[in-house]
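Peer 1: Before anything else, here's the structure in question.
The values are calculated or read from the model by the stated rules, or taken from the named source; none is laboratory data. Predicted model only: the values in this text are computed from it and were never measured. Note that we place each Cβ from the backbone using ideal geometry, even for glycine, and neighbour counts take in every protein chain shown. These area figures cover heavy atoms from the full protein model, side chains too; ligands, DNA and RNA do not enter into them. Shrake-Rupley method; radii C 1.70, N 1.55, O 1.52, S 1.80 Å.
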Amino acid sequence: MKRTPIVVLISGTGSTLAALLEASREPDCPYEVVAVLADTDAAGLEHARAASIPTQVVRLADHPDRAAWDRALAAAVVAHEPQLVVLAGFMKLVGAPLLEAFGGRIINTHPALLPSFPGAHGVRDALAHGVKVTGASVIEVDAGVDTGRILAQVPVEVREDDTEATLHERIKAAEQPMLVDVVRRLTAAR
Ligand code: GRF
């Protein structure tokens with residue numbers, strides 16, 4: 001079976017990437033992670049290296065300005081010819097070059113129930129607001145901050161004694177299977 005190539009972008013520890021990689025080892029998995037890119041020396045790149053998947057770090061600081069970095073990132077992704085681009089804890093907004101190259105084929109996972117609590121601190125903001133239920137959302141990426149079409153959501157209950165860390169761990173546990181499911185669905189359909 002020819003599997004659908006995907007590229008994953010990360011910034012952090014890569015537990016979401018690890019879940020995508022683990023699912024991709026199943027024989028009936030419709031996708032293959034062909035490269036993992038990061039904007040920083042993310043610890044999560046280790047998961048890709050361990051699986052002998054090509055990695056690349058495209059740092060903003062190595063480029064004269066944000067527009068040049070946006071072009072370099074888009075070129076790095078295009079080089080792997082993915083059918084789908086998955087932002088898995090990628091902490092930068094993607095610019096016009098990547099959106100133009102993969103319009104409608106970039107998805108992001110966010111640790112809150114959008115449109116509530118968009119942005120970089122979705123877990124902290126939900127906790128500070130005092131919501132009793134939060135969760136995670138998988139969305140199509142557009143030019144806004146977490147404004148794209150919602151593809152899937154999962155609720156997670158907030159506990160009295162939750163800290164940002166404990167709540168985020170439970171969100172990740174619900175978020176990862178949901179993301180794997182969406183990626184399987186989108187890549188099987190291509
Ligand atoms: C996920 O909760 C994602 O939604 C958020 O950051 C987390 C990624 O963590 N933006 P990891 O680096 O995959 O462990």
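Peer 1: Would you please name the residue that is surrounded by the fewest Cβ atoms within 10 Å (Cβ to Cβ), looking only at residues in the stretch 86-112 that are away from the ligand (no atom under 12 Å from the Cβ) and of a type in the set (A, V, I, L, M, F, W, C)?
Peer 2: A96
Peer 1: Right, next: Please go through the stretch 75-111 and give me each residue that is under 14 Å from the mean Cα position of the chain (by Cα), assigned to a loop (DSSP other than H, G, I, E, B) and at negative phi, ordered by number.
Peer 2: A88, F90, M91, K92, L93, V94, R105, P111
Peer 1: Turning to a different aspect of this structure: Looking at (1) more than 13 Å from the ligand (Cβ to nearest atom); (2) out of contact with any Cys (no Cβ under 7 Å at 6 or more places or on another chain), find the lone condition where A23 falls short.
Peer 2: It fails just one condition, (2).
Peer 1: Which of the residues spanning the stretch 113-140 are assigned to a strand (DSSP E or B) and within 12 Å of the ligand (Cβ to nearest atom)?
Peer 2: Hits for the stretch 113-140 are T134, G135, A136, S137, V138, I139.
Peer 1: Moving on to the next point. Report whether or not D39 is open to solvent by less than 30 Å² (accessible area, probe 1.4 Å) and farther than 19 Å from Q176 by Cα.
Peer 2: Yes.
Peer 1: Let me ask another. Taking only the stretch 164-190 into account, find how many residues are in contact (Cβ under 8 Å) with a residue 12 or more places away in the chain and in a loop (DSSP other than H, G, I, E, B).
Peer 2: Result for the stretch 164-190: 1.
Peer 1: Looking at this structure, is S116 among the hydroxyl-bearing types (S, T, Y), free of Cβ contacts under 8 Å to residues at least 60 places away in the same chain and open to solvent by 40 Å² or more (accessible area, probe 1.4 Å)?
Peer 2: Yes; evaluated as a whole, the condition is true for this residue.
Peer 1: R3 fails exactly one of the following numbered conditions: (1) surrounded by fewer than 18 Cβ atoms within 10 Å (Cβ to Cβ); (2) within 16 Å of the ligand (Cβ to nearest atom). What is the number of that condition?
Peer 2: That leaves (2) as the condition not met.
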